[in-house]
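Report on the structure given below.
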Amino acid sequence: MDESKLRKIAWVGDHILRKPIRGIVLRFQGLGDAAMKDAASYAELECGDAGALIVLPYLGPWYWMNRESRAETDEIVESLYKIFKLADDIPLILTGGSLGGYAALLYARYAKRPVKACYALFPVTDVKYSFSERPDVARTVYSAFRGYKEDMEALFIEHSPLSQVDKMPRIPYMLVHGALDVAVSKKAHSDPFVAAMRARGHDVTYREVPDLGHQDLNTYALHREAIDFVKNNLKK
């Protein structure tokens, strides 16, 4: 993929870099988000200042990190290393919220390049549960898996981080989930995923927030910890 195509299918934040690139940070979009990104957030500006190349792949509003989305993300990542002439030891960090947090976790499982760290805010981890969790979800899952030969049970397993725990990479993870979340249940998604990961010896930081719903982080401390998690996993 050349640079012209890359910038058509992803937002690339090289214009906010203030230091040499010390890591690629992919941020995945949430369910239904088809907007073109036009500006960096304050958190992204701080990470860019520290040498993080922030990239948001435009994978579509109902992508559910399906096989096509994983292949496209692989292609985007390879293009970034080539276009910016990055050494293989420049780390790849994954982030996102809701479907984006789910995508970060699932892509960590399947990525062609090694992943250095993964941050997920209120992520889906069990697609089968999510399928019936809200009335809007099923049609998006059917859309993402349209044309696949496998039955839905097999596809749920392939696409659920909770079902892929035994194959998740040994990297630092950070999850944040609020007890008031009624869109993605903390008890059905993050709680069992974190328990299963820790039972297998994974390095998982888990922030359980009693007064947080399905919304952005509600304290400076949580924002600070999320930013520092990314910055601390950049190349030293």
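Derivation of every value follows stated rules applied to the coordinates shown; laboratory data play no part. Given the structure is predicted, the values throughout are model-derived calculations rather than measurements. As a convention, Cβ positions derive from the backbone with ideal geometry for all residues, glycine included, and neighbour counts pool all protein chains shown.
Would you report the distance distribution of C-alpha pairs in the range 3-232 as whole percents per 5 angstrom bin, up to the bin with the largest distance?
Bin by bin from 0 Å, the calculated values are 1, 7, 15, 20, 21, 18, 11, 6, 2, 0.
At residue 179 and residue 7, where each label point lies 7 Å from the Cα along Cα→Cβ, what is the point-to-point distance in nanometres?
4.8
What does a probe at residue 89 reach in the range 3-27, counting residues whose amide N is under 15 Å from the point 7 Å along Cα→Cβ?
21-23
Between beta-carbons, use under 12 Å as the cut-off and find the net charge around residue 42, counting Lys and Arg +1, Asp and Glu -1.
Neighbour charge sum, excluding residue 42 itself: -3.
When a/c is below 1.5 the answer is rounded, else prolate if a/b is larger than b/c, else oblate, so apply that to the range 148-236 with a ≥ b ≥ c taken from the square roots of the Cα gyration tensor eigenvalues.
Oblate is the answer for the range 148-236, as a/c is 1.5 or above yet b/c matches or exceeds a/b.
Quickly rank 124-134, 141-151, 163-173 as a protection proxy: mean count of other C-beta atoms within 10 Å, highest first.
124-134, 163-173, 141-151
FRET efficiency for residue 223 and residue 203, Cβ-Cβ distance as r, R0 = 22 Å, nearest 0.05?
Calculated transfer efficiency: 0.55.
Along the Cα→Cβ direction, 7 angstrom out, place labels at residue 154 and residue 235. What is the inter-label distance in nm?
Reported label-point gap for residue 154 and residue 235 is 4.1 nm.
Determine the dipole magnitude for the range 58-116: charges of +1 sit on the beta-carbon of Lys and Arg, -1 on that of Asp and Glu, nothing else is charged, the reference point is the Cα centre, and the result goes in debye to the nearest 20.
So the dipole magnitude of the range 58-116 works out to roughly 120 debye.
Please give, to one decimal in nm, the separation of the simple spin-label points placed at residue 39 and residue 211, each 7 Å out from Cα toward the Cβ.
2.8
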